[in-house]
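The values are calculated or read from the model by the stated rules, or taken from the named source; none is laboratory data. Just so it is clear, the model here is predicted, and its values are computed rather than measured. Every residue, glycine as well, gets a Cβ built from its backbone with ideal geometry; the counts of neighbours run over all protein chains shown.
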């Protein structure tokens, strides 16, 4: 498996073994007689020649070269581990270079590093979501609180387990529906019909949580609360690629629209609109509750659907024009200021919004995507600060960060990633790691606002 190339004192190849032929994609008959530098990238040739000459004059019998760059006959550059040795053949000094292609090994190491980073990110996001569930869940009694909280965590666990079975390559909508409904009712109590659809890995957990909330409401107040009730769920693909889902209940108690939205209803809305980017319409018919949902094609698994992209988005907003928005004094102000929250996890967004209001911040809007943020910024005064989740459904938030920076709006990143090294442009920006306390976020916001205002005053003074 090792390529062995032997050269004479003039660095001309005199032996080129079969492994070298395979590695460099060149038959031995064409390689013999040529200089070794043919297989070295141009930018390294001068250093290589100096190294070989110095090595040839030392009289050493072996020397480890380590990882170096090599060049195949077709121009492809790749990495090899190399060592060099010497031998005397009569009066002539010969050198042999032994090389092992480590392209695959380096790719595996890179993949493992990326995987470890992503696992860390997912784990911290899950912990942050669970923390939000603990904070936001409301119930009249301790027992009811425990039941609601454990039910929601169990729904997350079911979706996570299904994703793990599929190696995080998405999951069948049919399987997600079956697992969630079966957790709340006997199979005879529900029916579902629709074509085979594979949800993207980023859609499985939100859809699982959505179905959990609908099922829980049906168990408490709707069709699943009585022996003769039934739930029907159907879905189909539209011509433009979106998914239409219909949830219908029948045979349950008479239904009437609630006078105010509870946490479960609010969560359903946040999941559909902010996290999945869809739309919905609820029907409070006396015969049974109904919900029609439309989810975009991006909710489905497709080639490259979950791949990360760091290229600027076409939706990058123009610089936001300054307005008469209230400013926070450079010395800091406990009353907070106006704030934009960009976070695609609805539970985290709800908790952030609720908690920061208690610290005096006015939340201008909560966006689950760059597009949502653009709409808010177009219709609201310029915010005093912004909180940006780094990863929005697989797309980086950096185009929005650039626009906010150009407009002088201070921002912090709130992320499950340990570092922002993959974007050197923002590696020095303030970042709060998930799961974070509201005090950590408030302090970070105040710091970036103070710094930005101080810089603005210095610029004005000059």
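State all residues of the range 89-107 that are more than 35 Å from the chain's Cα centre (by Cα) and exposed (fewer than 14 other Cβ atoms within 10 Å of the Cβ); if no residue qualifies, say none.
Correct list: 89, 90, 91, 92.
Of the residues 176, 130, only one is at pLDDT below 85 and closer than 13 Å to residue 209 by Cα; which?
130
Which number in (1) under 20 Å from residue 261 (Cβ atoms); (2) in contact (Cβ under 8 Å) with a residue 12 or more places away in the chain; (3) in a helix (DSSP H, G or I) marks the one condition that residue 177 misses?
With respect to (1) under 20 Å from residue 261 (Cβ atoms); (2) in contact (Cβ under 8 Å) with a residue 12 or more places away in the chain; (3) in a helix (DSSP H, G or I), residue 177 is out only on (1).
Looking only at the range 236-246, filter to residues that are under 27 Å from the mean Cα position of the chain (by Cα) and part of a strand (DSSP E or B); which one of those is farthest from residue 297 (Cα to Cα)?
245
Of all residues in the range 147-165, which are in contact with a helix residue (DSSP H, G or I) (Cβ under 8 Å, 6 or more places away or on another chain) and either part of a strand (DSSP E or B) or farther than 20 Å from residue 263 by Cα (or both)?
Listed by number, the residues that qualify are 158, 159, 160, 162, 163.
Is one or more of the residues making up the range 207-217 under 17 Å from residue 346 (Cα atoms), out of contact with any helix residue (DSSP H, G or I) (no Cβ under 6 Å at 6 or more places or on another chain) and not assigned by TED's automatic domain parsing to the domain that holds residue 391?
Yes, that holds for at least one residue.
Here are some residues: 144, 107, 139, 113. Which one is more than 24 Å from residue 203 (Cβ to Cβ) and not in a helix (DSSP H, G or I)?
139
Tell me which residues, restricted to the range 33-53, are more than 45 Å from the chain's Cα centre (by Cα) and at pLDDT below 85.
If the condition is that a residue be more than 45 Å from the chain's Cα centre (by Cα) and at pLDDT below 85, then 49, 50, 52, 53 are the ones that fit.
Name the residue that is modelled with the lowest pLDDT, counting only residues in the range 427-452 that are in contact with a strand residue (DSSP E or B) (Cβ under 7 Å, 6 or more places away or on another chain) and in a helix (DSSP H, G or I).
Filtering the range 427-452 for residues that are in contact with a strand residue (DSSP E or B) (Cβ under 7 Å, 6 or more places away or on another chain) and in a helix (DSSP H, G or I), the one modelled with the lowest pLDDT comes out as 440.
Does residue 195 satisfy being farther than 23 Å from residue 126 by Cα and modelled with pLDDT under 90?
no
Among (1) under 21 Å from residue 136 (Cβ atoms); (2) crowded, with 17+ Cβ neighbours inside 10 Å, which single condition is residue 357 missing?
Status for residue 357: all satisfied but (2).
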